[in-house]
Amino acid sequence: MTKPLDAYRKQLWPLPIQLHTHTGDVRRLGVEIEFTGMEIDAIVDSIINQYGGRAEPLSDYEINVVETSLGQFGVELDFSYIKRISRERHESADSNDLEELAEAIVGAIAKQLVPFEVVAPPIDMTDLWQLEDLFLTLRNSDAQGTHASAKNAFGLQLNPEMPDCEAATILNYLRAFLCLYEWLKMRCDVDFSRRLTSYVDPFGKDYIRKILKPSYEPTIEELIDDYLEFNPTRNRALDMLPLFAHIDEPRLRAKVDDDRVKARPTLHYRLPNSLIDDPQWGLIHPYRDWLQVDNLAMDKARLETVCRAYRNYLDNPTANLFTNWSHSVSQWLIPELL
């Protein structure tokens, strides 16, 4: 039976207006978070202590945690080269001491430069509150996030499942995100180290104007083609490539040759910092901000009003001098989520 405190905590977590998919299932959301300050075995133990399960190592730098109460977690050093050579050594019976030493040296250097990443399984949005316990456990185990070092360009990523994959629905999500991007950027206070990279680049103004036109009513093929024409890259604050690969993988692969793109029926929101070591921060904060996008996309009248206002703002050559859109757009947000 659910403990009274757990039931209370569950009720405190907000849910999207559109909670279910077109098949009637509760929508799920995946979470990825990057940090340093812990060894991989300690991270794995934190997950097992919180949710049960057992470790299945793929290499010294990749471990799956299976059979937990929430599903399968992945823990890995976010550096493809060291993961590859470590896997090859584990799979080969011919590895020698020199190869192991070389791998250890590269691994030690990599751990000073790149983060470990925890990839949570897709979790029902009604159960997402349970993941906050892992964040607290990692914080208490000295996990370090974006602000711990000037070189820590670490992020938190949300992968919300779409209600459906219809062109009109996807277009509404794109429009909602584009209208709220400046506000989200202000809320996230994206770290300078991350702004120096291309990982969370904004969408270009030409694409934004195209998407926001009231006359733009694309088919799914046109929506994908237009996106790829302007954005043939993962490096966007809202990466649409996994979703478009899920819908029409051959169409996407013809334009994007990147094996990191994994097909799934989700968006890939990449803007937030990883503030895992900040006691005033938790998963609830970026999640509530994302719900502003999610709920705006599902509110046709409000979305049309915001799109109209943003188009007027973009078309005004002096708007930046007199208007701060990140503040102006807040009048259309849901105050209970702020």
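Arrange 177, 230, 203 by Cβ neighbour counts within 10 Å, fewest through most, would you? Don't skip to the end; give the middle numbers.
Values: 177 25, 230 15, 203 18.
Lowest count first: 230, 203, 177.
Between residue 221 and residue 12, the simple spin-label model (points 7 angstrom out along Cα→Cβ) gives 5.1 nm. Pairwise Cα separations in the chain fall into 20 Å bins from 0 onward with the following percentages, short to long: 28, 57, 14, 0.
Distance from the C-alpha centroid of the range 10-44 to that of the range 171-189: 20 Å, rounded to the whole angstrom.
If R0 equals 25 Å, the separation of the Cβ atoms of residue 210 and residue 288 corresponds to a calculated FRET efficiency of about 0.25. Using a/c under 1.5 as the rounded threshold, could you call the range 157-265 rounded, prolate or oblate? The axes a ≥ b ≥ c are square roots of the C-alpha gyration tensor eigenvalues, and prolate needs a/b larger than b/c, oblate otherwise. Oblate, because a/c is 1.5 or more while a/b does not exceed b/c. Put simply, when 212-222, 265-275, 303-313 are sorted by average Cβ atoms within 10 angstrom per residue, most first, you get 265-275, 303-313, 212-222.
A 32 angstrom limit on the alpha carbon distance is what I want to check against. Which of 3/300; 3/185; 3/151; 10/210; 151/213; 205/262 exceed it? Before the final figure, lay out each step's value.
Working: 3/300 39 Å; 3/185 37 Å; 3/151 42 Å; 10/210 40 Å; 151/213 40 Å; 205/262 27 Å.
3/300; 3/185; 3/151; 10/210; 151/213, as the Cα separations exceed 32 Å there.
The numbers here are math on the coordinates, done by the rules we state, and not lab data. Being a predicted model, the structure only gives us computed values, none of them experimental. A quick note on method: Cβ atoms are made from the backbone with ideal geometry, for glycine too, and the neighbour counts reach across all protein chains shown.
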